[in-house]
1. Could you list, ordered by first residue, the pairs with Cβ atoms under 8 Å in which the first is in region 100-114 and without any contact (Cβ under 8 Å) to a residue 60 or more places away in the chain and the second is surrounded by 24 or more Cβ atoms within 10 Å (Cβ to Cβ) and basic (Lys, Arg), at least 6 apart or interchain?
2. Go over the candidates Ile270, Ile244, Ile235 one by one and state the one that is closer than 14 Å to Leu154 by Cβ, surrounded by fewer than 19 Cβ atoms within 10 Å (Cβ to Cβ) and either modelled with pLDDT of 90 or more or outside the structural domain of Ser168 (by TED's automatic domain parsing) (or both).
3. Restricting to region 239-285, what's the tally of residues that are part of a strand (DSSP E or B) and without any contact (Cβ under 8 Å) to a residue 40 or more places away in the chain?
4. Tell me which of these Asp325 doesn't satisfy, since it passes every other one: (1) outside the structural domain of Val31 (by TED's automatic domain parsing); (2) surrounded by 13 or more Cβ atoms within 10 Å (Cβ to Cβ); (3) out of contact with any strand residue (DSSP E or B) (no Cβ under 8 Å at 6 or more places or on another chain); (4) not polar (S, T, N, Q).
5. Do you know which of the residues in region 136-180 that are assigned to a strand (DSSP E or B) and of a type in the set (Gly, Ala, Ser) is surrounded by the most Cβ atoms within 10 Å (Cβ to Cβ)?
6. Go through the residues of region 205-224 one by one and say whether even a single one is buried (at least 24 other Cβ atoms within 10 Å of the Cβ), small (Gly, Ala, Ser) and within 30 Å of Thr33 (Cα to Cα).
7. Just checking, how many residues over region 158-207 are in contact (Cβ under 8 Å) with a residue 60 or more places away in the chain and either in contact with a helix residue (DSSP H, G or I) (Cβ under 6 Å, 6 or more places away or on another chain) or in the same structural domain as Gln333 (by TED's automatic domain parsing) (or both)?
Amino acid sequence: MMRRYVSFDSPYRVSAGEEPAPEPGHDQVLVKTSVSAISSGTELLFYRGLVPTDMAVDANIDSLGGPMRYPLRYGYAAAGQVIAAGAGVDPAWNGARVFSFQPHQSHFVARTDELIRLPDKVRPEHAVFLPNLETAVNFVMDGQPTIGENVVILGQGVVGLLTTALLSRMPLACLAAVDYFPLRRRLSTLLGAQRAIDPGAGSPSAAIAALIEEASGADLVYELTGNPAALNLAIEAAGFGSRIVIGSWYGQKRADVDLGGLFHRNRIQIISSQVSTIDPRWSGRWDKARRMRTVLRLLESIPVDALITHRFQVDQAAKAYALLDQHPEQALQVLITYD
């Protein structure tokens with residue numbers, strides 16, 4: 001049996017390779033992948049060569065713990081079925097439908113504690129949204145929106161849209177989304193934003209102010225564009241004593257940030273949000289397992305099918321990344337399949 005996989009060979013070069021599939025060890029299972037999801041924000045940093053080289057690929061995921069150097073295998077959203085198990089594994093795992101934080105590959109071995117067993121209602125194509133939805137849950141917990149607040153989300157990629165979907169369930173005074181692309185703005189209103197603003201049409205800060213009661217600025221702003229230049233718009237949109245949650249990972253990208261005017265006088269708080277850990281204020285009662293149980297329940301009620309725009313066979317992975325890189329206005333969630 002052969003395994004097919006995606007390789008990041010060098011910046012802007014992706015290929016599909018093939019090798020013998022691994023055998024499960026004593027305490028491992030072998031999973032046949034049905035589908036994996038490309039995380040366009042993080043993975044495009046690897047694709048474009050913008051990831052710092054003095055760090056592990058991902059120190060918090062066992063399958064991605066190696067050093068950052070090309071060629072490398074990456075990805076962290078795979079769903080499939082257990083097809084073989086080692087002698088030390090409970091036979092009940094045979095045939096189980098599972099999710100795991102694994103690179104793009106048709107087969108992988110893992111311990112059972114690295115797997116999430118999927119409920120009957122969750123299809124594999126939905127399960128691959130788990131990492132991004134967990135990230136959105138983390139953003140909401142870190143931002144701590146409260147009743148009657150005015151909230152603005154900059155960036156409506158997959159993570160931004162899932163954050164919009166979660167925040168729309170709360171009794172906010174206003175929920176506004178900002179994005180350049182019509183497809184994303186349309187989906188943001190579908191998922192519950194009261195208004196989707198095009199930052200290329202006039203002043204986005206003025207449009208945000210017009211939505212908010214008394215034009216006093218947003219109480220909470222999420223910066224989820226992946227573009228550090230958007231931080232200045234976040235500062236313009238934020239009101240006195242407000243919070244800005246930065247969920248983007250910028251990699252090696254840098255930008256000038258205006259901290260001398262509104263930021264200084266408005267006592268704005270900037271919050272770094274990263275899903276690998278849980279904020280100490282929650283960690284006494286929350287761990288990753290509880291957060292993932294919450295995500296699985298939420299996944300059953302969010303229409304994630306609307307976010308899937310493209311599917312590519314693993315052999316066509318290079319086309320998938322080129323599409324996301326060159327035509328972000330056309331693509332949202334791109335899936336890799338393994339027939």
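The values are calculated or read from the model by the stated rules, or taken from the named source; none is laboratory data. Worth saying up front: this structure is predicted, and the values here are computed from it rather than measured. Positions of Cβ are backbone-derived with ideal geometry, glycine not excepted, and every protein chain shown enters the neighbour counts.
1. none
2. Ile270
3. So in region 239-285, the residues part of a strand (DSSP E or B) come out as 239-246, 269-272.
Subset that is without any contact (Cβ under 8 Å) to a residue 40 or more places away in the chain: 240-242, 244, 246, 269-270, 272.
Result for region 239-285: 8.
4. Condition not satisfied by Asp325: (1).
5. Initial filter on region 136-180 (assigned to a strand (DSSP E or B)): 150-154, 174-178.
Subset that is of a type in the set (Gly, Ala, Ser): 176-177.
Values: Ala176: 26, Ala177: 30.
Applying the filter and picking the extreme gives Ala177.
6. No: zero hits.
7. Number satisfying all stated conditions: 8.
Yes/no per residue for (1) surrounded by 18 or more Cβ atoms within 10 Å (Cβ to Cβ); (2) in a strand (DSSP E or B); (3) on the phi > 0 side of the Ramachandran plot; (4) modelled with pLDDT under 95:
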site: Lys32; (1), (2), (3), (4): no, yes, no, no
site: Glu43; (1), (2), (3), (4): yes, no, no, yes
site: Phe46; (1), (2), (3), (4): yes, no, no, yes
site: Asp54; (1), (2), (3), (4): no, no, no, yes
site: Arg69; (1), (2), (3), (4): no, no, no, yes
site: Ile83; (1), (2), (3), (4): no, yes, no, no
site: Val89; (1), (2), (3), (4): yes, no, no, no
